[in-house]
């Protein structure tokens, strides 16, 4: 007998709930912080969609082999969604490895996205205006290998 009747009450259409069949990772943002949630996806080279919810807001950040390939939020798409998510103090997240990857493509390097998101968060915390223009994060260059 499967464990289908345990957990979220079984039945229903599942709208607005987490825990679908493709869910591989889920939890509360406040336990590790939004930047760490992104890093977990990156360092483990995950492919799928990170869905995060905070109140009525939700974002979808798609990863392919640990790199962000698209991001969709309630008000915008692309890097700004990642920058905004980095500043979330709480919320719920779930990584769905079976979700369809959709949305505006993001071509910036993961580390550049994360650093820019943290820089913008720091500026907001200091009370400085943050440029909300959708400027892609600069690509990071890799150091030359020594022989």
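Miscellaneous remarks
- Legend: calculated FRET efficiency, residue 101 to residue 30, from the Cβ-Cβ distance at R0 = 25 Å, rounded to 0.05, equals 0.40.
- The DSSP beta bridges internal to the stretch 21-125 are antiparallel in roughly 100% of cases.
- Dividing the mean sequence gap of close Cα pairs (under 8 Å, 6+ apart) by how many residues the stretch 21-125 holds gives a relative contact order of 34 percent.
- The convex hull around the C-alpha trace of the stretch 21-125, projected and averaged over every direction, spans 6.0 square nanometres.
Read the figures in this text as sums done on the coordinates, not as results from a lab. Predicted model only: the values in this text are computed from it and were never measured. All Cβ positions, glycine included, derive from the backbone under ideal geometry; neighbour counts span all protein chains shown.
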